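Report on the structure given below.
The values are calculated or read from the model by the stated rules, or taken from the named source; none is laboratory data. The structure presented is a predicted model; accordingly, all values stated were derived computationally and were not measured. Positions of Cβ are backbone-derived with ideal geometry, glycine not excepted, and every protein chain shown enters the neighbour counts. With ligands, DNA and RNA removed, areas are computed over all heavy atoms of the protein, side chains included. Shrake-Rupley method; radii C 1.70, N 1.55, O 1.52, S 1.80 Å.
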Amino acid sequence: AAAAGGGWAAVCEKFRTARTLSAVESRKDPETEPYRSKYSARALLQEVKQLLSAAEEGGEARRGAVRRAVLEYELGVNHTDTEELSAGEEHLQRCTQLLQPHRLSPDCVSLYIQAQNNLGILWSERDEIKTAQTYLESAEALYNQYMKEDGNPPLDPSEHFMAEEEKLTDQERSKRFEKAYTHTLYYLAQVYQHLEMIEKAAQYCHTTLKRQLEYCGYYPVEWALNAATLSQYYLSKQCFMESRHCLAAASVIFSQAEQVPSAEDNETEQDQQDLRQRKAEIARCWIKYCLNLLQSARKLLEDNIGELDPDRQLELKAQRKKEEDEKEKGRKKAVLFGTSDICDSVLAMEEKVSSVYPLDFQEAREIFLVGQNYVQEAKEFFQVDGYVTDHIEIVQDHSALFKVLAFFEEDYERRCKMHKRRIDMLEPIYADLNPQYYLLISRQLQFELADTYYEMMDLKVAIGNRLEELDSHTIKKINSLAQLAIKYYELFLDSLRNPDKVFPEELDEDVLRPAMVAKFHIARLYGKLITSDSKKQLENMQTSLEYYTFLVDYCEKYPAAVRAVETELELSKEMVGLLPTRMERLRAKLCPFI
């Protein structure tokens, strides 16, 4: 029979050729025949299958069944690769049926897990995520059961078609088995992501990344992007140490891709371009890290009017000193990636930026500078030409870094200069933007510019209040900042008008608060304008009153809006009560004889 001597060697040779065609040759297939090698491999696998059934008259039923299962598996993957999912599913199902009774034995367990992995992938390609979940979780459970009950390195499926002397070492078997299980976890992470089980997805993603490093089974660029993405999850949970660790690891592993040219060694310009883009994407994750860390610290430190509370600052510093010593030790162990040489590079990378809340200007500035470096790096790739939205988002993040740094700055003049830097980076971008195509971004920029001028005006007023008397230069400055803030708030409000230039009767949910805040701020700004002309002053008060009144009337008409603007509404009601009396007094001064 074929199983004897030379015949069996020929069967094994056919099997090996089929696998080489599928894995290696198929990469070189022409675009006109993308599956040429896969189809040749399929024909060979069918031949092996026929030779097997001819040889299986003997009593080796068990071994024959496992070999048939290997072929069904290979045919299943082959059909899935050529996008014939139903045929692929049939072969994979046959494979698991043949193995079912022996699935926990060392010669079957790896194959069974890989078949279930592939069924999981197949069902997720059909968007049947729940079914995919069932297969993958069952593969995971089988791995755990096998490791508990047996634990010896199991056979690799390919060994069923190898001569005795070609069999793999235990070390190689173990490596391949662990790789199959890493795939299970990797696909499960994606399944949980789809099912919006975000915590579980992150946990599985972390384990996958850790295992890929441990068993050296990864592509540096893909690994780094997955780690950077995971860092953003930790960021959303305010786990800054874990987030920084993932980003540091992403940067270290990514640098491997930059040092080693790709396996084919004929890197195209496109490959280089892709690398540059990925690098810039990781830089953007670092920007978000620095920004979030600073913003979270601000939330902890600010008092009810948004200024830094010095008592809270002292209290947090004392608390931090105490915690620091205990915390680092415990948490480090849980998240560390990689072997010792990678660990050293990651640690060095981590040391460049803090992962604890900055509590004063000096600490905040260090984080700010790291963020700013990554802004420059990201902008090198995401330039205005070709990447308008990305570029603007990066500049907005840069502006946000300045804004949060200003919070830590005690000196009002220096704080003003930081806001001026924001104006200088946002205004040119806004000026070049076509609001027809970029309405949303245009609105964001109008509002942020208005807010920044408003903030600067408030700072100049505070500086002026410290002077014996206001000099004409300061008055001019306050007025010009107020006018600019009004200009941008009005531009924002105008963008809400319909084509006939009519302001909406009722505001959409997403613009309700910004629109109300804009109206409220304009009312305040008219009240801040300084003029010696009483008539002009009356006009300003009248305009101010109209804007305050708009707020009060709108909230009476649409009570649901109150929730969005409670503080502003309260102050507006107060002003609507006070302003008419003040205006009367001023009128009486102007025309005392009426």
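Of the set (1) at pLDDT 90 or above; (2) more than 21 Å from D156 (Cβ to Cβ); (3) crowded, with 18+ Cβ neighbours inside 10 Å, all apply to L51 but (1). A single entry from A406, A364, A378 fulfils the requirement of being buried (at least 18 other Cβ atoms within 10 Å of the Cβ), within 21 Å of the chain's Cα centre (by Cα) and not aromatic (F, W, Y): A378. All of D411, D385 fail the test of being without any contact (Cβ under 8 Å) to a residue 12 or more places away in the chain, surrounded by fewer than 19 Cβ atoms within 10 Å (Cβ to Cβ) and under 30 Å from L308 (Cβ atoms), apart from D411. Any chance region 107-114 includes a residue that's surrounded by fewer than 23 Cβ atoms within 10 Å (Cβ to Cβ) and without any contact (Cβ under 8 Å) to a residue 60 or more places away in the chain? So far as region 107-114 goes, yes, one or more of its residues are surrounded by fewer than 23 Cβ atoms within 10 Å (Cβ to Cβ) and without any contact (Cβ under 8 Å) to a residue 60 or more places away in the chain. Assessment of region 325-333 against the conditions (open to solvent by 50 Å² or more (accessible area, probe 1.4 Å) and either in a loop (DSSP other than H, G, I, E, B) or at pLDDT 85 or above (or both)) yields no matching residue.
What residue, of L512, L590, L551, is touching a helix residue (DSSP H, G or I) at 6+ places or on another chain (Cβ under 7 Å) and buried (at least 20 other Cβ atoms within 10 Å of the Cβ)? Step by step, each of L512, L590, L551 is checked, and only L551 is touching a helix residue (DSSP H, G or I) at 6+ places or on another chain (Cβ under 7 Å) and buried (at least 20 other Cβ atoms within 10 Å of the Cβ). Only residues that are farther than 10 Å from S495 by Cα and open to solvent by 40 Å² or more (accessible area, probe 1.4 Å) were counted across region 425-435, and they come to 6. Of all positions in region 490-498, none carries a residue that is closer than 20 Å to I429 by Cα, small (G, A, S), open to solvent by less than 10 Å² (accessible area, probe 1.4 Å) and touching a helix residue (DSSP H, G or I) at 6+ places or on another chain (Cβ under 6 Å).
For every residue, the table says whether it meets (1) open to solvent by 60 Å² or more (accessible area, probe 1.4 Å); (2) within 17 Å of S158 (Cβ to Cβ); (3) part of a helix (DSSP H, G or I); (4) small (G, A, S).
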site: A180; (1), (2), (3), (4): no, yes, yes, yes
site: Q193; (1), (2), (3), (4): yes, no, yes, no
site: E199; (1), (2), (3), (4): yes, no, yes, no
site: Q203; (1), (2), (3), (4): yes, no, yes, no
site: L209; (1), (2), (3), (4): no, no, yes, no
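Of all the numbered requirements in (1) surrounded by fewer than 23 Cβ atoms within 10 Å (Cβ to Cβ); (2) within 22 Å of F382 (Cβ to Cβ), C246 misses one, and that requirement is (1). Inside region 23-39, residues that are among the small types (G, A, S) and open to solvent by 50 Å² or more (accessible area, probe 1.4 Å) make up a count of 1. Quick check on T581: is it part of a helix (DSSP H, G or I), hydroxyl-bearing (S, T, Y) and over 46 Å from the mean Cα position of the chain (by Cα)? So T581 fits the description; yes. The residue pairs whose first member lies in region 357-373 and is more than 15 Å from A406 (Cβ to Cβ), whose second member is charged (D, E, K, R), and whose beta carbons are closer than 6 Å, counting only pairs six or more residues apart or on different chains, are L359/K317. Restricting region 436-475 to residues that are among the aliphatic types (A, V, I, L, M) and under 28 Å from the mean Cα position of the chain (by Cα) leaves a set whose member that is most open to solvent (accessible area, probe 1.4 Å) is L440. Is it the case, given these coordinates, that L538 is touching a helix residue (DSSP H, G or I) at 6+ places or on another chain (Cβ under 9 Å), free of Cβ contacts under 8 Å to residues at least 60 places away in the same chain and more than 28 Å from T581 (Cα to Cα)? In short, no.
Within region 559-574, if we keep just the residues that are open to solvent by 40 Å² or more (accessible area, probe 1.4 Å) and not basic (K, R), the residue that is farthest from the chain's Cα centre (by Cα) turns out to be E574.
Would you call Y234 within 15 Å of the chain's Cα centre (by Cα), closer than 30 Å to E137 by Cβ and open to solvent by less than 50 Å² (accessible area, probe 1.4 Å)? Considered against the rule, which asks whether it is within 15 Å of the chain's Cα centre (by Cα), closer than 30 Å to E137 by Cβ and open to solvent by less than 50 Å² (accessible area, probe 1.4 Å), Y234 comes out as yes.
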